[in-house]
Amino acid sequence: MILAVSMIHDFAAVSHRRLSRRDRDSVTFLPDADCDSFLLPRIPLQGIVILTSFVAGVQWAYIHRFGPWRVRKVENMGKVEIYYFSGTGNSLAVARDMAEKLTAKLTPVVSLMDQERINAEADVVGFVFPIYDFKPPSLVEDFVHKMEGIDCKYLFAVCTYGIAPAQSLKHFAKVIESCGGQLSAGFAVGMPHSGIGSGAVTEAQQESMFESWEDRLEEVCDSISSEEAIKIESSNLLSDFFQSRIISMVPSLLKFLKQVLLKGTGSLAFTSSEDCNGCGICERICPMDNVEMVDDRPVWSDNCAGCFACLNWCPKEAISLGGFDANIRHYHHPDVKILEMMGQRERAIATGP
Ligand SMILES: Cc1cc2nc3c(=O)[nH]c(=O)nc-3n(C[C@H](O)[C@H](O)[C@H](O)COP(=O)(O)O)c2cc1C
Ligand code: SF4
Ligand code: SF4
């Protein structure tokens, strides 16, 4: 009996939490008297139910506080799924940290790219991705367009950025809106830059970015586990510009612009130098299957996501943008293994129970 009442109690709490997310505004609540007569049988059962609920509540509190099988709040939430895309491992590291905290299923976006429709099972669905040219990668946007039933889910997004998030998450919110969903939370996480000008970022700066993320992880996951609707993070590019991190990248960005204007974008196509040893890592790590080894040298096709994984993970630092010195420090996230990156096309990583 106590167990049954406890279950009803939990169910009512969960229902309320679900309602409090988005539906609360649109639902008309009945007056209290109506609620009572709806939820509880009429007297004399009412008194018994209240008493047993109280006992169940005390028992529940005791188990969760002192019991050997006490559970953390995040483990109580409905199923969570996180879809990610990553070139140098920053977004994968962030997605993995969150998946562990939220006991979520972690799925690479590229592993589902061939599917026509994508049906997330979880009630809570998140997207973690880098930003390229102040926008989410277009393949992540395409992915959202294929998703079904996102109108009734709690959706969150995390972008990792090397310069500034600008309006990229707000842009992503609009993409989601155009598919009938609503982005309830958007977090921007600063990480080491993986593109042109990354050489300007010092190792000390990289270290402090990792530490900042570690400090934020708990708070971000708490917001998600409470299914909070919070402000989508963004920044103002004009004021961002005066941050020292961006100022230090300006010379290489100007050099890059000059190259594009004088020689065209074709002059910045990927090439490999004589240092290439034919190991084939660039072929295997490319999430788009866009690199093919021909006579022990990489050849690039035109289905590139611009993630710079081939360039950054090359063990010989043999890949460049047409031989142009773009001041790129060959970088990848220190806690992400090359095999994890190579698995993006195939694997769904289950971290949940
Ligand atoms: C081609 C390219 C373009 C990028 N454009 C931006 C940008 O516009 N703004 C920014 O803040 N970071 C930019 N970045 C940096 C990445 O967003 C950042 O390093 C991110 O954390 C990389 O994540 P990943 O390791 O998961 O790929 C760019 C990186 C690349 C390779
Ligand atoms: S990863 Fe580098 S060294 Fe290996 S095949 Fe590609 S270009 Fe050559
Ligand atoms: S070719 Fe290189 S930059 Fe383009 S998608 Fe493949 S790994 Fe990424």
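Any read-out appearing in this document is the output of simple, stated calculations on the displayed coordinates, not a laboratory observation. On a predicted model such as this, the values are computed, not experimentally measured, just so you know. As a convention, Cβ positions derive from the backbone with ideal geometry for all residues, glycine included, and neighbour counts pool all protein chains shown.
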Selected from LEU257, GLY278, TRP300, residue furthest toward positive end of dipole (region 250-334; charges at beta carbon): LEU257
Packing-based exposure ordering (other Cβ within 10 Å, fewest first) of SER223, SER208, SER272, SER86: SER208, SER223, SER272, SER86
Difference of contour (0.36 nm per residue) and Cα-Cα distance, GLU148 to ASP215: 20.7 nm
Placed amide H near VAL128: partners under 5 Å, 5+ positions off or other chain: TYR83, TYR84, PHE85, VAL158
Where labels lie 7 Å past Cα in the beta-carbon direction, separation of VAL260 and SER223 in nm: 3.1 nm
Computed P(r) (all Cα pairs; region 250-334; 10 Å bins; percent): 17, 49, 29, 4
Cβ-based net charge around CYS276, under 12 Å, with every Lys or Arg adding one and every Asp or Glu removing one: -4
Hydrodynamic radius (Kirkwood) for region 141-257, which is based on Cα pairs only, to one decimal in Å: 15.8 Å
Which of VAL250, VAL220 has the fewest Cβ neighbours within 10 Å, and the rest in rising order: VAL250, VAL220
Extension gain (nm, one decimal) between PHE242 and SER273, 0.36 nm per residue minus Cα-Cα: 7.6 nm
DSSP-assigned coil residues among GluC sites (Glu not before Pro) in region 189-230, each with at most 15 further Cβ atoms within 10 Å: GLU228
Order of TYR132, TYR154 - criterion: other Cβ atoms within 10 Å of each residue's Cβ, fewest first: TYR132, TYR154
